[in-house]
Amino acid sequence: MARIYKEHLDTSGVLDLCFRAGHIAMEVWTYMNQMEQVPPLKAMSLNDPYKLLVEFNGYLSYHF
């Protein structure tokens with residue numbers, strides 16, 4: 001949770017920047033929360049802990 005003091009919001013553009021930063025932080029939090037719940041990608045030649053993000057028509061999208 002971020003705390004923003006009221007006196008800092010009076011500066012031109014700061015309020016908009018705070019809203020944009022909050023939106024970005026929420027997107028990152030949502031992505032990280034979903035990544036924690038994604039199953040591992042299992043393959044014989046992978047040594048690193050890859051995560052299976054999407055599987056569609058035999059194509060994989062993964063993240064490490």
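Label-to-label distance, Lys42 versus Phe19, with points set 7 angstrom from Cα along the beta-carbon direction: 4.8 nm.
To the nearest 0.05, how large is the calculated FRET efficiency for Tyr50 and Leu9 if R₀ is 35 Å and r is the Cβ-Cβ distance? E(calc), rounded to 0.05, equals 0.25. Neighbour counts of other Cβ atoms within 10 Å put Arg3, Arg20 in the fewest-to-most order Arg3, Arg20.
We did not get these values from a lab; they are worked out from the coordinates using the rules stated. Please read these numbers as outputs of a predicted model, since none were measured by experiment. Neighbour counts run over all protein chains shown; Cβ positions are idealised from the backbone, glycine included.
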